[in-house]
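Asks: Sharing a structure, written as C-alpha cells. Questions coming.
The values are calculated or read from the model by the stated rules, or taken from the named source; none is laboratory data. All figures in this text were calculated on a predicted structure; none of them were measured in a lab. Here the Cβ positions follow ideal geometry from the backbone for every residue, glycine too, while neighbour counts run over all protein chains shown. Protein only, heavy atoms only, side chains kept; ligands, DNA and RNA dropped before computing areas. Shrake-Rupley method; radii C 1.70, N 1.55, O 1.52, S 1.80 Å.
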Amino acid sequence: MIVTRLALPLCLLAAALPASARPDAPAPILTSAEARDVLTYARPEIARVTHVDLDLTADFAAKTFTGTAALDILAAPAAREIVLDAKDLAIDRVTDAAGKPLPWKLGAADAYKGAPLTVTIGAARRILVHYRTSPGASALQWLPPSLTAGKGKPYLFSQGQSINNRSWIPTQDSPGIRQTWSARIVVPEGLTAVMSGEKLTPRGEPAKGGRAFRFRMDRPVPPYLIALAIGDIAFRPLGPRTGVWSEPAMLDRAAAELADTEKMVATAEALYGPYRWGRYDVLVLPPSFPYGGMENPTLTFATPTFITGDKSNVSLIAHELAHSWSGNLVTNATWSDSWLNEGFTSYFENRIMERLYGPARARIEADLDWDGLLRDIKAAGGPAAPTTRLHGDPEATFGQLDYFKGSTFLRTIENMVGRARWDAYLRGYFDRHAFQPQTTAGFLRDLRANLIRGDKALEARLQLDRWAYQPGLPDNAFHSPSPALAAVDVKAKAFVAGGAASAVRPEGWSTQEWLRFLNALPRRMHAPRLAELDGAFGLSREANGYVRSAWLELAIANRYDPALASLEQFLTSVGRTLLVRPLYAGLKAQGEWGVPIARRIYARARSTYHPITAAAIDKLLG
Ligand code: BES
Ligand code: ZN
C-alpha cells in the first residue's frame with residue numbers, strides 16, 4: 001500500500017506507517033485524492049479521532065440516548081480544532097478531560113450528511129462531548145413492544161452503514177478513519193444490551209436508572225461498524241466461539257437454522273486466514289431490521305426472514321462472516337469503492353458455501369447473482385450507463401452491482417490464473433492490508449505487484465481497468481450456469497406454455513429454486529393462471545419471505561387483486577428493504593391501480609419501518 005506522507009504534519013508520520021510496522025500506532029489514514037471521503041466533514045490530516053468512549057443512557061419513553069462521547073485525538077501540535085460529524089444531535093457542551101469547557105460550533109446541516117461539529121481543542125487531546133440523540137436519529141429504531149416477537153418489552157437497534165452512526169455518535173464518521181472504542185450503556189431493568197465488541201459485563205451491573213453494560217473493541221474499526229441493540233434477548237451457544245442472540249421466542253428456530261455457524265468460521269479461516277475478532281455471534285433482530293444482514297464485528301446483525309427452516313438462506317451468514325476479512329479487516333476507504341467490501345465479500349461468501357455445502361449449491365447461488373447482474377445492468381439503463389461502474393460516486397453504483405459485478409470480476413480473475421494461485425494471492429492481500437483502508441487503485445496496484453508481476457499477456461487478458469473504471473460488463477466475464485436451475489427453467493417454460501401448476505412438482509425446492517421459477521414467469525399472466533399457482537402452492541400464505549415477496553411482485557405486475565390482503569399483511573410485518581422496496585416500486589409502476597394501494601398500505605406500515613427503510617420508500621413514493 002502506498003501511503004502519501006507529504007501532506008501529513010510531522011507528528012502524524014508515525015501514524016501513516018503501515019499498521020504492521022507499529023503495532024501500537026493508530027491505523028493509517030490514506031491521503032491520496034481517491035481516498036478523500038466526500039461524505040464526511042472531518043479533516044483527519046489536521047486532527048483525527050483514534051478512540052471513542054461512550055457513556056450513554058437509553059430512554060425508551062423519549063426515544064433518546066443521553067450522555068457523553070469521550071474522544072481521543074491525534075493532532076499536530078499547531079492544530080487548533082477538530083471537525084466531527086454530527087446528525088440531529090443536541091449538543092449540550094464540550095469539555096477537555098478536566099471538565100474545562102471548550103468552544104464548539106455546529107455548521108449548516110445537510111439532510112443526508114448532517115452537520116460539521118467543530119471543536120476548538122487548544123492543547124486538549126481528549127475531549128468530552130455531552131449530547132442527546134433525536135427520536136428520529138437515522139441509525140436508530142426504537143420499537144414499541146407490539147413490534148417485537150415477545151410483545152412485552154421495547155427494543156432498540158442501530159444500523160451504522162453507511163453514514164448513519166453520526167446520528168448517535170459524534171465522531172469522524174468515515175470508513176477511512178479507524179477508531180478503537182469502548183462503551184457503557186445504561187438500559188432499563190429487565191433489558192439486555194449487546195454491542196459489536198467484547199462484552200465485559202455479560203449480565204450487566206446495577207446502575208442508577210437501570211443496568212449498565214460495558215463493552216470494548218481494541219482493534220481499530222471504521223466507525224460504521226459500531227453497533228448496539230437493546231431488548232429482551234437471550235443467548236444460546238452454537239460452538240466454542242459462536243452463538244446466537246435473539247428474543248427468547250425465536251431462539252430455538254434461530255439456533256437450528258444457524259447450526260453450521262461454527263463450521264462456517266473454520267471454513268472461512270481455511271480459505272483466507274485466521275479469524276481475527278475473537279467471538280463470532282449472530283443477533284437475530286425483529287423483522288423491521290432494514291437489511292438482510294450487517295457485518296458488525298463479533299456480532300452479525302441479521303433479519304429473521306433468513307430463517308426459513310431449511311437453512312437455504314445461510315449464505316447470508318456466510319456473507320456477513322466473510323466481511324470479517326473483506327470490509328472489516330480491509331475496508332473501503334470511501335463509499336465510492338463499496339465494491340471492495342461487497343464484491344469481495346460476495347465472492348468469498350460463495351467460496352464458503354462451496355466448501356461447506358458443495359459445488360452444486362454454490363453454483364445455484366452464483367448463477368442467481370449472475371441473473372441479478374444482468375437485471376441490474378438492464379435496469380440501470382444498459383451497459384453504457386455510468387452507474388454500472390464499480391468505482392463511482394458514493395453509493396451511485398446501481399442496485400447491487402457492487403456485489404454482482406464485483407464478485408464476477410474476482411471470479412473472472414480466479415478462472416484466468418487458477419484457483420491455487422488466486423487463493424494464495426487473496427490470503428496475502430488480507431494480511432498485507434489488515435486493519436487498513438483500501439481504494440480501487442490500491443487494490444489494482446497490489447494485484448499488479450503480487451499476482452500479475454509484469455506478465456503482459458495476463459495483464460491484457462484481465463482487462464483490469466475496464467472492470468474497475470468502465471461501465472457495463474467486459475467480454476471476459478466468467479459465468480458458470482447451474483444445471484439445477486436449468487432444470488427449474490424447463491419447468492417454468494412448460495408452465496408458461498400452458499402446462500398445469502400441478503405438473504411443476506416443486507417439492508423439496510430451496511428458496512433459490514423458487515426464486516428462479518417465479519422470476520421466470522411473464523409479467524403478464526391471466527388471473528386464472530395466477531389463481532391456479534396460488535391454489536396449488538399457497539403462495540399468498542407463504543411464510544418464506546423471499547418466496548412471498550417474489551410472488552407478490554408477480555401478482556402486482558399483473559394487478560392481481562386477490563393477493564392484496566397478503567401484500568398488506570406482508571408489508572406491515574416485514575421491513576427488510578430488499579423484500580419490501582420492490583413491492584412498492586411495482587405498485588408505483590402500476591399507476592392508477594397501484595399508487596393508491598401503495599399509499600394506503602404505506603400510511604399504515606411506515607411507523608413500523610426503520611428510518612432507513614422509511615427514507616427509501618419516502619423517496620420512491622415521493
Ligand atoms: N453491509 C451490507 C449491508 C448494507 C449495505 C448496509 C449497504 C448499508 C448499506 C451487508 O453485508 C449485506 O450485504 N447484506 C445483504 C445480504 C447479503 C447476503 C447480500 C442484504 O442486506 O441483503
Ligand atoms: Zn455485505
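Asks: Would you mind pulling out the separation of the Cα centroids of the range 548-587 and the range 489-545, in Å?
Replies: Distance between centres, Cα-based: 16 Å.
Asks: Whole percent per 10 Å bin, from 0 to the bin with the longest distance: what is P(r) over all C-alpha pairs of the range 36-172?
Replies: 12, 42, 31, 11, 4, 0
Asks: Considering the options Pro28, Ala614, Pro237, tell which one lies farthest towards the positive end of the dipole of the chain, charges being +1 on Lys and Arg and -1 on Asp and Glu at the Cβ, about the Cα centre.
Replies: It is Pro28, whose Cα lies furthest towards the positive end.
Asks: Order these peptides, 279-291, 554-566, 441-453, by their mean beta-carbon neighbour count within 10 angstrom, highest first.
Replies: 279-291, 554-566, 441-453
Asks: On to the next question. Please report Rg over Rh for the chain, where both radii come from the alpha carbon positions and Rh follows the Kirkwood definition.
Replies: That ratio equals 0.96.
Asks: Pull up the DSSP beta bridges for the chain and report the antiparallel fraction as a percent, rounded to 5.
Replies: 80 percent
Asks: Same structure, new question: Mind giving me the nanometre distance, one decimal, between the label points for Arg445 and Ala503, set 7 Å out from Cα along Cα→Cβ?
Replies: Taking the two extended label points, one gets 6.1 nm.
Asks: Under 18 Å Cα-Cα from Lys153, which aspartates and glutamates qualify once same-chain neighbours fewer than 8 residues away are excluded?
Replies: Asp59, Glu189, Asp232, Glu247
Asks: Any chance you could run the full-extension gain for Ala487 through Glu269? It's 0.36 nm times the residue separation minus the Cα-Cα distance, nm to one decimal.
Replies: Difference between extended and current length: 75.1 nm.
Asks: Next question, about the same structure. Run the numbers for Phe235 and Asp92: contour at 0.36 nm per residue of separation, minus the present Cα-Cα distance, in nm.
Replies: Residue separation times 0.36 nm, minus the Cα-Cα distance, leaves 47.8 nm.
Asks: Could you work out Rg/(2.2 N^0.38 Å) for the range 267-405, with Rg from alpha carbons only?
Replies: 1.06
Asks: Each residue of the range 491-501 in order: what ³J(HN,Hα) in whole Hz does its phi give by Karplus 6.51 cos²θ - 1.76 cosθ + 1.60, θ = phi - 60°, with x for Gly and Pro?
Replies: These are the phi-based 3J(HN,Hα) values: 5, 5, 4, 4, 5, 4, 6, x, x, 7, 4 Hz.
Asks: Highest mean first, how do 196-209, 165-178 rank when packing is the count of other Cβ atoms within 10 Å averaged over residues?
Replies: Ranking the peptides 196-209, 165-178 by packing returns 165-178, 196-209.
Asks: Round to a whole angstrom and tell me the spacing of the C-alpha centers of the range 47-77 and the range 350-371.
Replies: Using only Cα atoms to place each centre, the spacing works out to 42 Å.
Asks: A further question follows. Just to confirm my numbers, what's the Cα centroid distance between the range 377-401 and the range 262-335 in Å?
Replies: 25 Å
Asks: Here is a follow-up. Strictly over 29 Å apart at the Cα level, which of Lys87/Lys199; Lys263/Lys378; Lys378/Lys588; Lys405/Lys456; Lys113/Lys263; Lys263/Lys491 would you flag in this model?
Replies: Lys263/Lys378; Lys113/Lys263; Lys263/Lys491
Asks: Can I ask one more? Which of Leu74, Leu552, Thr439 sits closest to the plus end of the dipole of the chain, meaning its Cα is farthest towards the positive end, when Lys and Arg get +1 and Asp and Glu get -1 on the C-beta?
Replies: Result: Leu74, furthest along the dipole toward the positive end.
Asks: Each label point is 7 Å from the Cα along the Cα-to-Cβ direction; what then is the distance between the points at Tyr469 and Ala76, in nm?
Replies: 3.0 nm
Asks: Here's another thing I want to ask about it. Ranked from highest to lowest mean number of other Cβ atoms within 10 Å per residue, what is the order of the peptides 93-100, 337-344?
Replies: Final packing ranking: 337-344, 93-100.
Asks: Go through the range 193-198 residue by residue and turn each phi into a ³J(HN,Hα) via Karplus (6.51, -1.76, 1.60, θ = phi - 60°); whole Hz please, and just put x for glycine and proline.
Replies: After applying 6.51 cos²θ - 1.76 cosθ + 1.60, I find 10, 10, 9, 7, x, 6 Hz.
Asks: Can you give the FRET efficiency to the nearest 0.05 for Arg126 and Ala543, using r as the Cβ-Cβ distance and R₀ = 45 Å?
Replies: Working from the Cβ atoms, E equals 0.30.
Asks: Let me ask another. So for the pair Arg216, Asn519, with labels modelled 7 Å out along Cα→Cβ, what separation do we get in nm?
Replies: My value for the distance between the label points is 4.6 nm.
Asks: Apply the Karplus curve 6.51 cos²θ - 1.76 cosθ + 1.60, θ = phi - 60°, to the phi angles in the range 610-622 and return the couplings in whole Hz, x for Gly and Pro.
Replies: Karplus values, whole Hz, x for Gly and Pro: 5, x, 5, 5, 4, 5, 5, 6, 3, 5, 5, 8, x.
Asks: Now for a different question. Using the Cα centre of the chain as the reference point, and only Cβ charges (+1 on K/R, -1 on D/E), how large is the resulting charge dipole? Debye, rounded to the nearest 20.
Replies: Roughly 420 debye for the chain.
Asks: Ok, one more. Over the chain, with every protein chain in place, what whole percent of the accessible area is carbon and sulfur at 1.4 Å, could you tell me?
Replies: Carbon with sulfur: 56 percent of the solvent-accessible area.
Asks: Shape call for the range 44-109 from the C-alpha gyration tensor, a ≥ b ≥ c root eigenvalues: rounded (a/c under 1.5), prolate (a/b greater than b/c) or oblate?
Replies: Because a/c hits 1.5 or more and a/b exceeds b/c, the range 44-109 counts as prolate.
Asks: Between Lys100 and Ala527, what is 0.36 nm times their sequence separation minus the Cα-Cα distance? Round to one decimal in nm.
Replies: Extending this stretch completely gives an extra 146.5 nm.
Asks: Then there's this: From the residues Val83, Thr40, Leu329, which one has its Cα farthest along the dipole of the chain in the positive direction, the dipole being from +1 and -1 charges on Cβ of Lys/Arg and Asp/Glu about the Cα centre?
Replies: Checked the options; the winner is Val83.
Asks: Ignoring everything except DSSP H segments at least 4 long, calculate the 222 nm mean residue ellipticity for the chain; use -39,500 (n - 2.57) per segment, divide by total residues, nearest 500.
Replies: Rounded to the nearest 500, it is -11000 deg cm²/dmol.
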